[in-house]
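Q: Starting off with a structure, shown below.
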Amino acid sequence: MAHIHEKIDFTVAIFVVHDGKVLVIHHRKLDKWLPLGGHIELDEDPEQAALRETKEESGLDVELVGERPPTTSPGTRALIAPRFLDIHRINDTHEHIGMIYWARPKNGKLTLADAEHHDIRWCTLAELDALVPPMTDAVKWYCRTALAEISR
């Protein structure tokens, strides 16, 4: 998707956990191991973006993990809060505010989005350390934390 602003965009990252493994993709353009995710489009909220990106990039329908406050009323819809937020620089003039979610698979068949990714796989903690190219420490930290929290 095209950027919605020249200086900053909002994005989602989804760490899907199942049976003691976390789902990661080898991003084709960036040549990095990452979670599922992408830009939040103008016509969607962060939850919708997280569900859409997960389905597009993995073929899976997921349930986001978190609490939805009971504050929905006419004109207001409560959202599941992301587990973490970050801001990361894309280049000298552009940044992304990232909303980081945990999720569990509900249904669907794991499918590689080969136009975007070289590979998609479920990884244990030990397997994260063996990925080539190596996963960044930041992404590995999120993977470990998602695994620990969802496996409780």
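Q: Neighbouring Cβ atoms within 10 Å as the yardstick, rank Asp86, Asp9 fewest first.
A: Ranking Asp86, Asp9 by Cβ neighbours within 10 Å, fewest first, gives Asp86, Asp9.
Q: Percent antiparallel among DSSP beta bridges with both residues in the chain, to the nearest 5?
A: Antiparallel: roughly 75 percent of the beta bridges in the chain.
Q: Given a 10 angstrom Cα cut-off, can you work out which residue in Leu36, Leu125, Leu64 is the most mobile in a GNM of the chain?
A: Highest fluctuation among the options: Leu125.
Q: A further question on this structure: With the dipole of the chain worked out from charges on the C-beta (+1 for Lys and Arg, -1 for Asp and Glu) around the Cα centre, which of Ile40, Ala130, Ile120 lies farthest toward the positive end?
A: Towards the positive end, the residue furthest out is Ala130.
Q: Once Rh for the range 5-152 is found with the Kirkwood sum over Cα pairs, what is the Stokes-Einstein diffusion coefficient at 37 °C and 0.692 mPa s, in µm²/s?
A: It comes out at roughly 207 µm²/s.
Q: Going down the list Lys21/Lys140; Lys29/Lys140; Lys7/Lys140; Lys21/Lys109; Lys7/Lys106, which pairs span over 24 Å between their C-alpha atoms?
A: Cα-Cα > 24 Å for Lys7/Lys140; Lys7/Lys106; rest within.
Q: Still on this model: Mind telling me which of Leu79, Leu42, Leu51 comes out most flexible in a GNM of the chain, alpha-carbon contacts under 10 Å?
A: Looking only at Leu79, Leu42, Leu51, the largest GNM fluctuation is found for Leu42.
All of the numbers you see were taken from the coordinates with simple rules; none came from a lab. Note that the structure is a prediction, hence the values are computed from the model and not measured. Here Cβ is always computed from backbone atoms with ideal geometry, including for glycine, and neighbour counts include all displayed protein chains.
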